[in-house]
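Undergrad: Attaching a single structure in structure tokens format; questions to follow.
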Amino acid sequence: MKILVTGGAGYIGSHVLKRLLEAGHDTVTLDNLSKGHKEAVLGGKFIEGDIGDKELLDSIFTEHDIEGVIHLAADSLVGESMEDPGKYYHNNVAKALNLLEAVVENNVNYFVFSSTAAVYGEPEAVPIVEEHPTNPENVYGESKLFFEKILKRYDEIHGLKYISLRYFNAAGADPEGKIGEAHDPETHLIPIVLQTALGIRDKIYIYGDDYPTKDGSCVRDYIHVNDLADAHLLAVEALADGKNSDIYNLGCGDGYSVKEVIETAKKVTQKDFEVEVSERRAGDPAVLIAGSEKIKDHLGWQPEYQDLEKIISTAWKWHKSGGFRDE
Ligand code: UDP
């Protein structure tokens, strides 16, 4: 089928795009390259532009016979969202709504949305299942939750079929080595640890070690980006097969603390480096671990990378290679 991928030049988007192409789908990637990399778009048609540009969207839908949209273009930094909330409400809600209006007006029926575990906030019980109450602790998570609510209404009112995928912590890189994580500035734990191992940074800071967790540092569920990509492929194909709208978690179901990630990275890279404990970061829940049984059950999704060492090894291969050359 012909699929529009917004944010397809980004970290997760480029891996999703690769999977779609491998599965034989036709793609159009729309990305404003504010954070993405053109070299990460490994095939299909690429259009540089913004999801806030209604005219551009209409022209894309008129020119291409788009059947489904996978929407990943968004801002995604917890810390930044607590400093500049307007940016998050504007880009992740207002501009996304602009896209959704174009989708409905142009009779596109299937929509896959890149959501986040941050919609849950501090969990009342782990693993977190989809029925868990949503109480985002940060503006990023709230912006994604707002859009999920909009999607639900668009299904009720316009009959749009959507699947919302609530990612836990995306990590790793495609083992072929052509694409990987490359944010500027980088804020995510695993790439920062690996940059420290490479000597690009002097030390790694642990944001708080007084959380109520096994070793005091925050616990997260790291999921390989190719496993995430598989879920998008399954989701868009399921919608085209008549599946109803739904919301799914995506994680491995294992929780690793920041300290464990650092220790595993030291083992994988065989490098020692300085680690310092600093203040907590605003908006960080102590523990986020996914219950992902629902997507396994409904869509037959199975993560291939169940082991943190394997996930970090794929990221290490990418970081050692120097990443994208345009940086
Ligand atoms: N973290 C940290 N030091 C860093 C970057 C992140 O201790 O330099 C922690 C962060 O507080 C969180 C975990 O690592 O508990 C994962 O953070 P990341 O930004 O990678 O993903 P998020 O959970 O925010 O989506």
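The values are calculated or read from the model by the stated rules, or taken from the named source; none is laboratory data. The model shown is predicted, which means the values in this text are computed figures rather than measured ones. Reconstructed Cβ throughout: ideal geometry from the backbone, glycine too, with neighbour counts over all protein chains shown. Note: areas computed on protein heavy atoms with side chains; ligands, DNA, RNA excluded. Shrake-Rupley method; radii C 1.70, N 1.55, O 1.52, S 1.80 Å.
Undergrad: Looking only at the stretch 278-307, count how many residues are open to solvent by 70 Å² or more (accessible area, probe 1.4 Å) and within 16 Å of the ligand (Cβ to nearest atom).
TA: 3
Undergrad: In the stretch 175-184, which residue that is in contact (Cβ under 8 Å) with a residue 40 or more places away in the chain and open to solvent by 20 Å² or more (accessible area, probe 1.4 Å) is nearest to the ligand (Cβ to nearest atom)?
TA: Among those residues, the one meeting the criterion is H183.
Undergrad: Could you list all residues from the stretch 284-327 that are among the aliphatic types (A, V, I, L, M), in contact with a Pro (Cβ under 9 Å, 6 or more places away or on another chain) and modelled with pLDDT of 95 or more?
TA: Answer for the stretch 284-327, where residues must be among the aliphatic types (A, V, I, L, M), in contact with a Pro (Cβ under 9 Å, 6 or more places away or on another chain) and modelled with pLDDT of 95 or more: I289, A290, A315.
Undergrad: Tell me the residue from N107, N135, N92 that is open to solvent by 40 Å² or more (accessible area, probe 1.4 Å), closer than 23 Å to I157 by Cβ and of a type outside the set (A, V, I, L, M, F, W, C), please. Spell out the reasoning first.
TA: On the way: N135 fails: closer than 23 Å to I157 by Cβ; N92 fails: open to solvent by 40 Å² or more (accessible area, probe 1.4 Å).
Only one candidate passes the filter, namely N107.
Undergrad: Here's another thing I want to ask about it. Is it the case that Y167 is more than 17 Å from V275 (Cα to Cα), near the ligand (Cβ under 10 Å from one of its atoms) and surrounded by fewer than 20 Cβ atoms within 10 Å (Cβ to Cβ)?
TA: no
Undergrad: For the stretch 1-13, check the following and say yes or no: at least one residue is over 21 Å from H158 (Cα atoms), modelled with pLDDT under 95 and surrounded by fewer than 18 Cβ atoms within 10 Å (Cβ to Cβ).
TA: Within the stretch 1-13, none of the residues are over 21 Å from H158 (Cα atoms), modelled with pLDDT under 95 and surrounded by fewer than 18 Cβ atoms within 10 Å (Cβ to Cβ).
Undergrad: Need the failing condition index for F46 against (1) open to solvent by 40 Å² or more (accessible area, probe 1.4 Å); (2) part of a helix (DSSP H, G or I); (3) modelled with pLDDT of 95 or more; (4) farther than 25 Å from T314 by Cα, just the number.
TA: (2)
Undergrad: Now for a separate question. How many residues are within 12 Å of the ligand (Cβ to nearest atom), within 13 Å of S321 (Cα to Cα) and open to solvent by 20 Å² or more (accessible area, probe 1.4 Å) when one looks only at the stretch 185-212?
TA: 1
Undergrad: So, one more: Given the criterion at pLDDT below 95 and either surrounded by fewer than 23 Cβ atoms within 10 Å (Cβ to Cβ) or in a helix (DSSP H, G or I) (or both), identify the matching residue among E142, E122, E148.
TA: Result of the check over E142, E122, E148: E122.
Undergrad: Go through D215, D227 for me and flag whichever is in contact with a strand residue (DSSP E or B) (Cβ under 9 Å, 6 or more places away or on another chain), open to solvent by 10 Å² or more (accessible area, probe 1.4 Å) and either within 15 Å of the ligand (Cβ to nearest atom) or in contact (Cβ under 8 Å) with a residue 40 or more places away in the chain (or both). Don't jump to the end; show me each part of the working.
TA: Numbers: D227 fails: open to solvent by 10 Å² or more (accessible area, probe 1.4 Å).
On inspection, the qualifying residue turns out to be D215.
Undergrad: Only one of A238, A182, A231 is farther than 19 Å from S321 by Cα and either under 14 Å from the mean Cα position of the chain (by Cα) or not in a helix (DSSP H, G or I) (or both). Can you tell me which?
TA: A231
Undergrad: If the requirement is being surrounded by fewer than 18 Cβ atoms within 10 Å (Cβ to Cβ) and closer than 30 Å to G177 by Cα, which of these qualifies: G68, G24?
TA: When all the criteria are applied, what remains is G24.
Undergrad: Moving to a separate point now. Out of the residues in the stretch 71-98 that are part of a helix (DSSP H, G or I) and of a type in the set (S, T, N, Q), state the one that is farthest from the ligand (Cβ to nearest atom).
TA: N98
Undergrad: Okay, moving on. Restricting attention to the stretch 231-271, which residues are basic (K, R), touching a residue at least 60 places away in the same chain (Cβ under 8 Å) and within 13 Å of the ligand (Cβ to nearest atom)?
TA: Answer for the stretch 231-271, where residues must be basic (K, R), touching a residue at least 60 places away in the same chain (Cβ under 8 Å) and within 13 Å of the ligand (Cβ to nearest atom): there is none.
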